[in-house]
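See below for the structure under consideration.
The values are calculated or read from the model by the stated rules, or taken from the named source; none is laboratory data. Just so it is clear, the structure is predicted and the values come from calculations on it, not from any experiment. Every residue, glycine as well, gets a Cβ built from its backbone with ideal geometry; the counts of neighbours run over all protein chains shown. Only protein heavy atoms, including side chains, enter the accessible area calculation; ligands, DNA and RNA are left aside. Shrake-Rupley method; radii C 1.70, N 1.55, O 1.52, S 1.80 Å.
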Amino acid sequence: MAILECTDVTMSYEGVNVFEHLSFSLERGDYLCILGENGSGKSTLMKGLLGLLKPSSGEIKYSDGLVKSEIGYLPQQSPVQRDFPASVYEVVLSGTLNRKGLSPFYGRRERKLADDNLKRLSITHLKNSCYRDLSGGQQQRVLLARALCATKSLLLLDEPVTGLDPVVSAEFYGLISELNHDDKITVIMVSHDVKQSVAAATHILHLENKTCFFGMVDEYKKSSISDQFMNK
Amino acid sequence: MEYSISEMMSFTFMQRAMIVGVPVALCAALLGVSLILKRYSMIGDGLSHVGFGALALAAAMNLAPLHVAIPVVIISAFFLLRISQNSKINGDGAIAIVSSSALAIGIVVTSLTGGLNTDLYSYLFGSILALSKEDVILSLILCAIVLFLYIFFYHKIFSVTFDENFSLATGTNAKAYNMVIALLTALTVVLGMQIMGTLLISSLIIFPGLTAMRVFKSYRSVVLSAAVQSVICVVVGLVLSFYMETASGATIVCVNLACFILFSIVGAIKRR
């Protein structure tokens, strides 16, 4: 059964249609990369998937028992976060917030979850460090740990390696693939990096000039849309 | 020294100033941390000017000042927050327009109805003499509400401040919590205006948080340090203003400034 279904979705930004009639669906455990040039609507689609923007027509539907509070999201870093005084533990723990409803304090279950995810991403030693003093790669790991606290099944990432050096980027991509393989977490990633996407993903969604390609990676490699894009 | 500390505290106006000043300082510091980090530092300033306009109108119409100022400032807080979130309008510019207009309207109304009287003067620069018994009771109740809501929503306010989109995407109602922050800020500003004055209340909100951030690195330690420091600065400031016969608001700000410089030096030494 599909975990996510987009049916004939058109989204607009400030009155202009960014893309039209987009339909695709994902199964549990899929790894989708969303490609496309700047302005092709990748971020708008991401906002739609997150429920921050409503499609102007069509429907975006999560199913298979997934509710909105179970989405894990790794945003592009905002300037606010770069000088935010917060310990790593505080940031990671805040990912569990959606699990506890109105209760004002974190319980043992939330703390355990946060500890587990720190361990999973091997950043337990950074637990009490200040978030803003970390390197870019470490910061992304912290945000990933937070996202994992929020979800067991679906991870959305918005250009997660922007600003990271190649070695750290590769490490980070490895981590995502591991989560996808070992924990069967469905991954949706907006990316600039075509080569990496084709190597790691199971599905590709390519947005360009209001049209789009959606399919398995192999089909994408054969398609004409990838030729222009990959040879650049 | 003409008076001992115990003699000073036997004056009703000093007791009232302390009773109002300490909880207001606490609320202002707590909210300030969030406002600074959300880049909303100027909202406090804008709101206080709106508060002044409301007070001038209240005085002209012979109404109780706080009864007019509190609702007007709360409404403006929601309004300013909406503007700041709307990417089409420049938030900074909007706040500047709203705050200077409100101040201007206040002053025009006052001049039309008989010039700056002492009440309005004390609202501009702050006075510990102006507090009535009713003000004190109202302030205590509102501060209790602000503190309760802040503690109850502490973790959610952290999450919304750190990353609004993440909170929204994972199902936290970030907009509602922004409204909570705006409401609490509005209440704090109106209450603080009496002691600090319109022109200086925003410093009560901004200084403690910024000072704490010089030295402390986790959100909780910043919040706690801001709260403690803010209360100490207000108490010291009030005592100094009593002995030196200076305006209370300005004295408190000077103490805050001294504290900021001290923390900056400590922070610089720690980083080396």
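Tabulated data
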{"quantity": "Subset tally (residues that are more than 20 Å from B:G171 (Cβ to Cβ) and modelled with pLDDT of 80 or more) for the range A:51-98", "calculated": "9"}
{"quantity": "Among the residues listed as B:I141, B:I157, the single one being assigned to a helix (DSSP H, G or I) and within 30 Å of B:S241 (Cβ to Cβ)", "calculated": "B:I141"}
{"quantity": "Any hit, the range A:196-206, residues being touching a residue at least 40 places away in the same chain (Cβ under 8 Å) and either closer than 30 Å to A:E110 by Cα or in the same structural domain as A:D116 (by TED's automatic domain parsing) (or both)", "calculated": "no"}
{"quantity": "Subset of the range B:151-164 that is open to solvent by 20 Å² or more (accessible area, probe 1.4 Å) and under 19 Å from the mean Cα position of the chain (by Cα) - its residue that is farthest from B:R39 (Cα to Cα)", "calculated": "B:I151"}
{"quantity": "Filtered residues of the range A:6-29 (kept if crowded, with 20+ Cβ neighbours inside 10 Å and in contact (Cβ under 8 Å) with a residue 60 or more places away in the chain)", "calculated": "A:V18, A:F19, A:L22, A:L26"}
{"quantity": "Residue among B:I205, B:I269, B:I232, B:I201 that is touching a helix residue (DSSP H, G or I) at 6+ places or on another chain (Cβ under 9 Å) and open to solvent by 50 Å² or more (accessible area, probe 1.4 Å)", "calculated": "B:I232"}
{"quantity": "Count - residues of the range A:113-132 that are touching a Lys or Arg at 6+ places or on another chain (Cβ under 7 Å) and open to solvent by 60 Å² or more (accessible area, probe 1.4 Å)", "calculated": "1"}
{"quantity": "Complete set of residues in the range A:134-183 that are of a type in the set (D, E, K, R), open to solvent by 60 Å² or more (accessible area, probe 1.4 Å) and part of a loop (DSSP other than H, G, I, E, B)", "calculated": "A:K152, A:D165, A:D183"}
{"quantity": "Residue match in the range B:144-165 (condition: away from chain A (no Cβ under 14 Å), touching a residue at least 24 places away in the same chain (Cβ under 8 Å) and hydroxyl-bearing (S, T, Y))", "calculated": "no"}
{"quantity": "Top-ranked residue in the range B:47-70 [being open to solvent by 60 Å² or more (accessible area, probe 1.4 Å) and in contact with a helix residue (DSSP H, G or I) (Cβ under 9 Å, 6 or more places away or on another chain); ranked as farthest from B:A28 (Cα to Cα)]", "calculated": "B:M61"}
{"quantity": "Filtered residue count, the range B:122-138, keeping only those that are part of a loop (DSSP other than H, G, I, E, B) and either at the interface with chain A (Cβ under 10 Å from one of its Cβ atoms) or touching a residue at least 12 places away in the same chain (Cβ under 8 Å) (or both)", "calculated": "6"}
{"quantity": "Answer residue from the range B:172-181, given it is within 12 Å of chain A (Cβ to nearest Cβ) and open to solvent by 50 Å² or more (accessible area, probe 1.4 Å) and is farthest from B:I75 (Cα to Cα) among those", "calculated": "B:N173"}
{"quantity": "Residue check, B:A226 facing chain A (nearest Cβ under 10 Å), open to solvent by less than 10 Å² (accessible area, probe 1.4 Å) and farther than 19 Å from B:I83 by Cα", "calculated": "no"}
